[in-house]
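These notes are about the structure you will find just below.
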Amino acid sequence: MDRHLLDRITLEPGKRGGKPCIRGLRITVYDVLSYLSSGMSVPELLADFPDLTEEDIRACLAFAADRERQQFQLGA
């Protein structure tokens, strides 16, 4: 796991209800994953959210993968 990607994900209690956000922006990991899963392409996402970068999107995917791995380990 590339730790520098996960460093792009921030948690601030007063922002977006404390949900994981990207680089302190008001865009949550959930927002990005939801748009991608609904069929939005990376170029479309970047066009709609000019503050995002491709590395931010990879960070969201890495965060979700890491969270899934942690949940699997807890359930074992």
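Where a number appears in this text, it was derived from the coordinates with a stated rule and is not lab data. Everything quoted here is computed from the prediction, not taken from an experiment. Every residue, glycine among them, receives a Cβ derived from its backbone with ideal geometry; neighbour counts consider all protein chains shown.
Going 7 Å from the Cα of Lys15 in the Cα-to-Cβ direction, what parts of the stretch 57-71 have a backbone nitrogen less than 19 Å from that spot?
Label zone hits: 57-64.
Can you tell me what percent of all Cα-Cα pairs in the stretch 3-75 are more than 19 Å apart?
Values: 891 of 2628 pairs.
The answer is 34 percent, as a whole percent.
Which net charge results when you count Lys and Arg as +1 and Asp and Glu as -1 among the other residues whose beta-carbon is under 14 Å from that of Leu36? Numbers along the way, then the final one.
Working: positive: Arg58; negative: Asp31, Glu44, Asp48, Glu54, Asp56.
Here the charged neighbours net out to -4.
Compute the helix-to-body angle for 54-75: its Cα long axis versus the longest principal axis of the chain, expressed 0 to 90° and rounded to tens.
Taking the Cα atoms of the chain, the angle to 54-75 is about 20 degrees.
Select from Gln71, Ala47, Ser34 the residue farthest towards the positive end of the dipole of the chain; place +1 on Cβ of Lys and Arg, -1 on Cβ of Asp and Glu, and compute about the Cα centre.
Result: Gln71, furthest along the dipole toward the positive end.
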